[in-house]
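Below you'll find the structure, written out as structure tokens, and then a few comments.
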Amino acid sequence: MIRHFLSLGDAGGDALAAMLSDALDRKEARAGQPRGKPDRDAPLAGRVLATIFEKPSTRTRVSFDIAMRQLGGSTIVLDAAGTQLGRGETIADTARVLSRYVDAIALRTDDHAKLEEFAEHATVPVVNGLTDLSHPCQLAADLLTVVERGKALPGLCWAWLGDANNMLHSLIEAAWLLRMEVAVACPEAHAPGPALLREAEARGLRVRVTRDAREAVDGADVVATDTWISMGQEGSAQAAKLAAMRPYQVTEELMARARADALFLHCLPAHRGEEVVNAVLDGPASAVWDEAENRVHAQKSILLWCFGELA
Ligand code: CP
Ligand code: NVA
């Protein structure tokens, strides 16, 4: 069975917990080393990862490359526009061919169905590098950041402000897998869909959805947000959406309602002064730079799981 990582559920709660623990150990073991130096055991020596981007990326692009170097392997980074995929070669054929060259593939694309089709035809593990539906690698890094700060995941109260986007989808999935609580404050027009909420409920998670940002944040352990306009959503509806989102900006006043030791998370890139004010992003509760760094450490463990090196 090929171990694809298209969603957090592909691994499941136990494997996810094992990944977080492995990531913490590996991060600690290599502290202070040059960033590109392989870990002592170099568990993926000789392995090659291809990453393909149909959308822009800074963190995902660089963190996968560095993750592979630290695991002893290497990476080929492809912009879809510069490949035949960009000229219409099919997803299936691209997946078949790349599977003959490399040992794993990470894909960032728009429609999640394209990622699933890619995985269906690949004969090596495929990793979700973000789709319009979900961003599981980012969530793994977010979870790692929370655990690293000494917080236990079961029962953790995670407030989400703003758009019901790919990040929120993966957060809700993480919450049902790891028994966290999620409160969402958002405008009605940009709320999580009923199908996702029903699925969460069937898996034992009742997501609290409110129009009131203060209510979601009250007593939260983590306050998180993301851009109000995700990649590919730019256009004429943008101005109305930005206006509707305004009450959900993360401010110092809102953060003061969360627990005194609450963390602020943002997957980045941030739109300073839109979804979050500088005083929060650069303030004492912000863990966003650790969160960005942890993309490397979390993805190392995801890759090890894909290669069967983690249970
Ligand atoms: N958070 C994240 O995925 O960032 P990039 O778009 O820079 O990869
Ligand atoms: N929701 C954002 C995440 C960027 C990392 C987007 O899809 O553009």
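The values are calculated or read from the model by the stated rules, or taken from the named source; none is laboratory data. These numbers were taken from a predicted model, which means no experiment stands behind them. Neighbour counts run over all protein chains shown; Cβ positions are idealised from the backbone, glycine included. Areas reflect the complete protein model, heavy atoms only, side chains present, ligands, DNA and RNA absent. Shrake-Rupley method; radii C 1.70, N 1.55, O 1.52, S 1.80 Å.
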Report summary line: Here the residues within the range 147-170 that are closer than 19 Å to V296 by Cα and within 16 Å of ligand 1 (Cβ to nearest atom) are M167, S170
Report task. Please state which of the following conditions N294 fails to meet, knowing it meets all the rest: (1) assigned to a loop (DSSP other than H, G, I, E, B); (2) open to solvent by less than 70 Å² (accessible area, probe 1.4 Å); (3) of a type outside the set (A, V, I, L, M, F, W, C); (4) within 16 Å of ligand 2 (Cβ to nearest atom). Result -> (1)
Requested in this report: Please determine, by comparing only the residues of the range 200-249 that are assigned to a helix (DSSP H, G or I), in contact (Cβ under 8 Å) with a residue 12 or more places away in the chain and open to solvent by 80 Å² or more (accessible area, probe 1.4 Å), which one is nearest to ligand 1 (Cβ to nearest atom).
Outcome: P247
Report task. Inspect the range 52-63 for any residue being of a type outside the set (S, T, N, Q), free of Cβ contacts under 8 Å to residues at least 40 places away in the same chain and away from ligand 2 (no atom under 16 Å from the Cβ) and give the result as yes or no. Result -> no
**Report entry** Positions within the range 260-273 being away from ligand 1 (no atom under 16 Å from the Cβ), part of a loop (DSSP other than H, G, I, E, B) and surrounded by 13 or more Cβ atoms within 10 Å (Cβ to Cβ), in sequence order
**Finding:** A262
Report task. Just name the residue that is farthest from D110 (Cα to Cα) out of those in the range 122-173 that are of a type in the set (S, T, Y) and in contact with a Ser or Thr (Cβ under 9 Å, 6 or more places away or on another chain). Result -> T123
**Report entry** Selection from the range 26-50 of residues that are loosely packed, with under 12 Cβ neighbours inside 10 Å and in a helix (DSSP H, G or I)
**Finding:** E28, A29
Report task. State which residue pairs qualify: first residue closer than 15 Å to H4 by Cβ and among the polar types (S, T, N, Q) and inside the range 89-107, second residue at pLDDT 95 or above and open to solvent by less than 30 Å² (accessible area, probe 1.4 Å) in any location, beta carbons under 6 Å apart, and separation of 6 or more residues or different chains. Result -> S99/A122; S99/V124
Report task. Restricting attention to the range 157-181, report how many residues are touching a strand residue (DSSP E or B) at 6+ places or on another chain (Cβ under 7 Å) and open to solvent by less than 10 Å² (accessible area, probe 1.4 Å). Result -> 10
